[in-house]
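Heads up: the structure comes next, in structure tokens.
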Amino acid sequence: MRNYATVPSTLHLSREERVWFGFESMPSTERPPRQGMPLGRGMGKEALSQLNSLPTCSPIGLVLLPLASDLVGSNNSWTSVSLVSADLQPGPYVMTLWIIDPVFSSMPGPYSKQNGLMLCSGSYVVFLLWWVLVFLKVQPCLQVDRRKNGSRRSRKMEQKHDIKLLRAWFSSYCTRVELALKLKGIPYESIEEDLRNKSDLLLKHNAAHKKVPVLLHNDRPVVESLVVLEYIDECWKNGPKLLPDDPYERAKVRFWAGYYDQKYMASMIKILSSGGTEREKATEEFCEMLKVFEEGIWRDFPQGTPFCCGDSLGFLDVVVGSIGCNYRAFFEALGVDYPVEKNQKYFSWIDRLRECPMMKDTLPPHDKLLAKIKEKFNLEPKS
């Protein structure tokens, strides 16, 4: 007989007890009727306490498993252990295992369930204790593994975000996308585009407009800067929110962002492209446009934008700051001083945005941008 655990020598068992424990076989004709085995010679508190003290690898009484495994394949070997002493407390490595009588009622051989610890035919006990082990011991480990695997999957999903930004360094629309990515703490690869010789990558991913910026999220393109800003805000919940949660507030932000986007650059380009009286007229129109925008912002947002309230940059701060903070380069290229006092609230907001460290780091260098504007519009500074 294989011996997987050493039974203490102090367990002096009679032949009947050795049969009950499975160390000896008994022909089926000699089997006693089903009843609980009384505590015989040597099976007192000391014996059971020594059973409790046997080395185990699990707190579910795995010490019994070697005894049961010895019986596998022996149809004539049956065993039963009873905790019949009421004042005996089972040790930490012995568990009470109740087995419903009808389950084994059709099985030959004795069994005992006086206080619940019970072994039946070796093969059945091994099978039963194995699944108890799986349920009570292995299952929590598997749950931990599932939690670990889940966290690994979340980390993989986070790492899976492959972000590329097709950009031009002087483009204010690209600057706003970079600001949003930095606010959210999203790592990205910046790919500089030569707009006079557009790459196949740009033509492939923005075939409609062939313009920057283009955000590639796992090779899926998102175009148009305002759309990209909303996509970033919805896709990455970490970091500060760009848009407010309230639907009405969000609608107002979207309206004024769209208004500014459509009017500001169109008015500025008109000033840069004209001369003489036409430029003066375009400058007045620009001033009126800013006045409408200024009044609308302070009417709809009396508390100010998130940045004005001391928070991080919000959607309007990003949209307005990415363009408006470059106003000095535009007017310096024209060689004129814009009367900022006509739109004092607006330019006070712009100057505050210019002092934001993230805005400073993201805006193109003033001198480099000034040279680019002069080159693009063929402008020479006036003496």
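Can you give the FRET efficiency for Gln303 and Val340, using 1/(1 + (r/R0)^6), R0 = 25 Å, r = Cβ-Cβ distance, to the nearest 0.05?
Working: r = 23 Å, r/R0 = 0.94.
So, using R0 = 25 Å, E works out to roughly 0.60.
Quick one: of Lys164/Lys198; Lys184/Lys211; Lys204/Lys374; Lys182/Lys252; Lys204/Lys360; Lys241/Lys345, which pairs are farther than 27 Å apart, Cα to Cα? Mind showing how you got there, number by number?
Working: Lys164/Lys198 16 Å; Lys184/Lys211 24 Å; Lys204/Lys374 31 Å; Lys182/Lys252 24 Å; Lys204/Lys360 32 Å; Lys241/Lys345 25 Å.
Going by Cα-Cα distance, Lys204/Lys374; Lys204/Lys360 fall outside the 27 Å limit.
Quick check on packing: order 305-318, 215-228 by the mean number of other C-beta atoms within 10 Å, highest mean leading.
Output ranking for 305-318, 215-228: 305-318, 215-228.
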So, in nm, how far is label Tyr248 from label Ala266 when the simple model puts each one 7 Å beyond its Cα toward the Cβ? 2.9
Taking 0.36 nm per residue of separation between Asp367 and Trp169 and subtracting their Cα-Cα distance, the length gained on full extension comes to 70.0 nm
So what's the gap between the Cα centers of the stretch 276-332 and the stretch 198-220, to the nearest angstrom? 29
I'd like the Karplus ³J(HN,Hα) series for the stretch 337-349: coefficients 6.51, -1.76, 1.60, θ = phi - 60°, whole numbers in Hz, and an x wherever there's a Gly or Pro. 9, 6, x, 5, 5, 6, 10, 5, 5, 5, 6, 5, 4
Using a 7 Å offset from the Cα along the Cα-to-Cβ direction at both Val292 and Ser273, what is the distance between the two label points in nm, to one decimal? 1.9
For a protection proxy built on the mean count of beta-carbon atoms within 10 angstrom, sort 176-188, 292-304, 341-353 highest first, please. 176-188, 341-353, 292-304
For the stretch 228-332, just say rounded, prolate or oblate: build the C-alpha gyration tensor, square-root its eigenvalues into a ≥ b ≥ c, call rounded for a/c under 1.5, and beyond that prolate if a/b exceeds b/c, oblate if not. prolate
Phi-derived 3J(HN,Hα) across the stretch 224-232 with the Karplus relation (6.51, -1.76, 1.60, θ = phi - 60°), rounded Hz, x for Gly and Pro, is 6, 4, 5, 5, 4, 4, 5, 4, 4
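Rule-based calculations on the coordinates, nothing more; no lab input. Here the structure is a predicted model, which is why all the values come from computation and not from measurement. Positions of Cβ are backbone-derived with ideal geometry, glycine not excepted, and every protein chain shown enters the neighbour counts.
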